[in-house]
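Data block below; observations after.
The values are calculated or read from the model by the stated rules, or taken from the named source; none is laboratory data. Here the structure is a predicted model, which means the values were calculated and not measured. Glycine also receives a Cβ, built like all others from the backbone with ideal geometry; neighbour counts cover every protein chain displayed. To get the accessible areas, we keep the full protein, side chains included, count just its heavy atoms, and leave off ligands, DNA and RNA. Shrake-Rupley method; radii C 1.70, N 1.55, O 1.52, S 1.80 Å.
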Amino acid sequence: MTPAIDKEWWRDLNSHYPPYLGHLNHNNPIKTQTEIDAFLSFVDPLIGSDPGQRVLDLCCGPGGYAIALARKKYKIWGIDINQTFIRFIREAVSQSKDLGQYPESIVGDMRKLPFKNAFGFIYSIGTSFGFFDDQTNSKTLQSMADILKPNGTVVLDCGNRDFYVRHLIEKDWIRHSDNQEVTIVKRRFDILKSRMEAEFETFGFKAKRRWSFSWRAYSLTEMIHLLEDIGLQIQAVYGNWYKEEFSRDSKRIVLVCKKKGQDI
Ligand SMILES: C[S@@+](CC[C@H](N)C(=O)[O-])C[C@H]1O[C@@H](n2cnc3c(N)ncnc32)[C@H](O)[C@@H]1O
């Protein structure tokens with residue numbers, strides 16, 4: 001029988017997110033160095049034009065990117081709804097001498113952010129957008145725009161709907177690094193709702209675990225409309241962190257946007 005999609009699957013990664021937690025340790029906050037380097041070479045010049053500003057990693061996960069930016073001496077905050085990830089970042093900060101006080105990490109919900117005009121630079125990456133219904137997704141973008149200072153910059157990175165329509169891998173598996181468990185992944189793209197739905201089943205020495213998630217995949221056109229509707233101006237669009245030209249076959253949509261200044 002097909003398990004029902006967990007509505008708020010992101011809340012409890014402890015019970016059912018083995019691809020994340022199976023590999024989580026302070027030497028390996030999931031991201032590879034190649035992924036982190038590609039991200040840094042993209043954002044560093046954008047943030048670097050004003051290194052004194054506050055930077056926010058919205059939906060920071062276990063902080064692979066935020067920690068890398070803190071090492072570059074940026075004043076960076078991370079927000080995530082998952083307490084395990086926030087605890088993980090706090091431990092990394094307390095154990096690493098080169099991090100100082102950053103990243104400052106906060107348990108929070110992107111639908112209701114506790115700031116106003118607070119950050120000069122915000123990024124939300126690695127498919128951290130699209131978990132809710134369309135209306136709530138738009139509101140989430142609005143609250144992100146509200147906490148951005150006038151003239152501030154946003155970088156978004158999300159999955160490209162057009163890619164999933166053409167290249168969906170329906171069945172896949174992940175062998176965990178301890179070699180004791182394997183996760184089978186089944187994916188489905190709901191063309192009417194434009195939602196990606198994935199089911200995971202983990203087998204191995206521990207008890208079998210099943211979990212599932214769903215997120216709305218947007219096309220580039222839809223993303224541009226959503227962002228312009230909330231007063232963000234699109235500055236650039238790419239297909240990845242290496243600034244390759246965006247096409248329908250790009251796996252990712254990478255957008256750089258600017259909030260209008262108060263006088264405009
Ligand atoms: C796919 S992960 C990406 C994590 C990180 N940005 C990265 O690229 O490694 C999505 C993240 O969004 C977080 N998340 C989900 N819903 C959230 C919400 N309502 N508010 C804040 N964070 C949320 C999850 O806990 C998870 O860490």
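Things to note:
- Longest to shortest principal axis, alpha-carbon extents of region 164-214, angstrom: 39, 18, 12
- The solvent-accessible area of S219, taken with every protein chain present and a 1.4 Å probe, is close to 20 Å².
- With a simple spin-label model that places each label point 7 Å from the Cα along the Cα-to-Cβ direction, the separation between I230 and R71 comes to 3.1 nm.
- The listed peptides 34-44, 119-129, ordered by packing as a protection proxy, come out as 119-129, 34-44 (highest mean of other Cβ atoms within 10 Å first).
- Region 160-244, Rg to Rh (Cα coordinates; Rh as Kirkwood inverse mean 1/r): 1.11
- Span-like helix check, the chain: qualifying full DSSP H segments, with Cα axial length of 15 Å or more and mean Kyte-Doolittle of 0.0 or more, are 33-48.
- For the chain, the calculated P(r) over all alpha carbon pairs, in 5 Å bins from 0 to the bin holding the longest distance, is 1, 6, 12, 17, 19, 19, 14, 8, 4, 1, 0, 0, 0 percent.
- Charge tally for M144 (other residues, Cβ to Cβ under 11 Å; Lys, Arg +1; Asp, Glu -1): +2.
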